[in-house]
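Structure first, then comments.
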Amino acid sequence: MARSRFILRYRGQGSAPDADVARVAGLTEAAVVESAPRMLLVESDRAPLEALVDTLEEWVMAPEQAFPLPDVRRRAERPPDPDRH
Amino acid sequence: MRDSLPTTFSKKEFPMAKAIKVEQYVLLPARGLRAKSRGAGTEAQAFLRSTETSGAEGVTLEGRQVPMRVIDSISPDGAKLVELPSQSMLAIRSLLPSLRLVPVRYYTPATAPLMEVATQAARAAATAPTITIKVLSKAGKKPVVGAIVVAFTDAENGVGAQGVSDSEGKVELRLGSACAEVQALYVYPADAYWTLRKRNLTIKTGTVVSLLPLDLGYTDALRFFYCNPELAVGTGVTVGVLDTGIANHPDLVIDGGANTVTGEDPKDFGDNGKGGHGTHVAGIIAARGEAPTGVRGVAPGVTLRAYRVFARNSGSASSFAIAKAIDQAVLDKCDLLNMSLGGGSPDPVLAAAIEDARADGTLCIIAAGNGGRQPVSFPALLGSAVAVSAFGRKGTFPTSAAEVENIASPYGTDKKNFVADFSNVGPEIDLTGPGVAIISTVPTGHTEISGTSMACPAVTGAAAAALAGSDVLKQKRDGARSDAMVKALLATATPLGFGPPFEGHGLPMPE
């Protein structure tokens, strides 16, 4: 099964504990794509990552999500059927 | 759990109206489920404990009797299931901003769209005859380049074609025949012109459509309500814009920023090449120009920072990039963050970033979304955010403009004001802003765009104007500071007569 990207965020005070980050980085099924002071972007299968996060205190996890650029302009949803003319 | 209330409160219980619909909400701290959670102010903690008794009816807040019925509680100091009318909801959100009031929601299974139908139709249309029309300026008959043209042969079912005008103003449309009866034609120029809507016309190759040039001195809805502020308005307030980046523009002064898109240059916080959404948003807040060559925003004196979260030439932003930008903006000591974005599923990571920002003294002002009377989008629906709907005003755009279709009920006390048809609405709305046909900056000049994306920065600008010079900004950067900013902002709001689900407390109009 293809691996997905997940975001892990530390909800405690300050930056994420180094020990926690090391445990995520050490997970064989996962690859850390990018890190920020309170977050990690991780490519992994869900189950092993979720299992690890469950053992870490004050972390939340969610799949990476894409937000579209807002636009109120009208759009044609489908072209006319040429057979009608 | 107790029996539910009758669906109305009497005038005696709530003297502002004869019969008011009540709704169920979950009342909880800004973070977590208990009063001791980080981010819950002392007033909020006391309030949750004072309403610990299941069945409690009505509370007193700053001397005001607020009708509310507690139905259930997870613990004495924990989240409560309550029933209350919308006016009580507004009162609690105003007086106790560190509490969240989340409407009770019911979820239904989503169904997948029938993509194959569109694909089959697209294959068929590829062989259809092409009509080439021209887009020209009304006055000089100059070609209009880069305009999006959308023609519907069956508008109700979304059947039609679209294209973009080339260097000669020409657009190719495949409408199934060489001469098409078009129910509605829309033109959205990239800059310098008003949008256009025409109905019930026949088009064929050689048909010309003409656009009205944009006059930067025109009184659009933003200028109608906020006029042209002095350049110093907003001084001392730092505003971050999380968007497609901000282009260098003669009307804008950008203090700095960051690009938080994974794999891109962190210093490249300029426009991402996808239409200039962020530049438009930034101009509504902070443009420092003057007609006839420029435009003026609501708070031109702010310190403006750009956080690019949309990838280069891309129309989507990762939740990681957004959350990272929020964290960075907090570190950069932004007071206000404008987020004209949203949609999708509620995301606990992004929610946490917004809640953490609020707990660190930075307030996120977020567009409600353009779903057309749908519930308020995530993340605007978060109790820790300030959610903004969009309204418009008749007479602030030409009657030939596409925005005539945004006119919809409810209308305000002043019948020229209306809630934009695209605006999402609901009990989470805190404020409303002008968001129909707003003239602002884009990388190539100026244009008019509509959306809650435009209403949101109008409110952000008003918030900056309200906070500038205020002692609130001198407070320690924590949740109490954010709460004080919310209170100061809401205190400037004037209801326009749409009703709370459409406008929250109304339009902020700082002096």
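Note on region B:302-330: among residues that are in a strand (DSSP E or B) and over 11 Å from A:Phe67 (Cβ atoms), the one that is farthest from the other protein chains (Cβ to nearest Cβ) is B:Thr303. Has region B:467-479 got at least one residue that is within 20 Å of B:Tyr226 (Cα to Cα) and outside any loop (DSSP other than H, G, I, E, B)? Yes; the residues of region B:467-479 include at least one that is within 20 Å of B:Tyr226 (Cα to Cα) and outside any loop (DSSP other than H, G, I, E, B). Could you tell me whether B:Ala329 is modelled with pLDDT of 95 or more, in contact with a Gly (Cβ under 9 Å, 6 or more places away or on another chain) and farther than 29 Å from B:Ala221 by Cα? Yes.
For (1) surrounded by 20 or more Cβ atoms within 10 Å (Cβ to Cβ); (2) touching a residue at least 24 places away in the same chain (Cβ under 8 Å); (3) more than 9 Å from every other protein chain (Cβ to nearest Cβ); (4) under 30 Å from B:Val164 (Cβ atoms), each residue gets a yes or a no:
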{"position": "A:Gln13", "(1), (2), (3), (4)": "no, no, no, no"}
{"position": "A:Ala16", "(1), (2), (3), (4)": "yes, yes, yes, no"}
{"position": "A:Ala22", "(1), (2), (3), (4)": "no, no, yes, no"}
{"position": "A:Leu27", "(1), (2), (3), (4)": "no, yes, yes, no"}
{"position": "A:Val33", "(1), (2), (3), (4)": "no, yes, no, no"}
{"position": "A:Met39", "(1), (2), (3), (4)": "yes, yes, no, no"}
{"position": "A:Ala51", "(1), (2), (3), (4)": "no, no, yes, no"}
{"position": "A:Ala66", "(1), (2), (3), (4)": "no, no, no, yes"}
{"position": "A:Asp81", "(1), (2), (3), (4)": "no, no, no, yes"}
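Note on region B:332-355: residues that are out of contact with any Ser or Thr (no Cβ under 7 Å at 6 or more places or on another chain) and either more than 22 Å from B:Ala463 (Cα to Cα) or more than 8 Å from every other protein chain (Cβ to nearest Cβ) (or both) amount to 8. Scanning region B:169-186 for residues that are within 15 Å of A:Arg75 (Cα to Cα), facing chain A (nearest Cβ under 7 Å) and not aliphatic (A, V, I, L, M) returns B:Arg174, B:Tyr186.
Within region B:270-293, the presence of at least one residue that is away from every other protein chain (no Cβ under 14 Å), in contact with a strand residue (DSSP E or B) (Cβ under 7 Å, 6 or more places away or on another chain), assigned to a loop (DSSP other than H, G, I, E, B) and crowded, with 16+ Cβ neighbours inside 10 Å is confirmed. Within region B:217-225, is even one residue at positive phi and in contact (Cβ under 8 Å) with a residue 24 or more places away in the chain? Checked against the condition, which is being at positive phi and in contact (Cβ under 8 Å) with a residue 24 or more places away in the chain, region B:217-225 yields no hits at all. Among the residues making up region B:160-181, those that are farther than 28 Å from B:Asp220 by Cβ, part of a strand (DSSP E or B) and aliphatic (A, V, I, L, M) are B:Ala161, B:Leu173, B:Ala180.
The values are calculated or read from the model by the stated rules, or taken from the named source; none is laboratory data. Note that this is a predicted model, so its numbers are computed, not measured. Cβ: placed from backbone, ideal geometry, glycine included. Neighbour counts: every protein chain shown.
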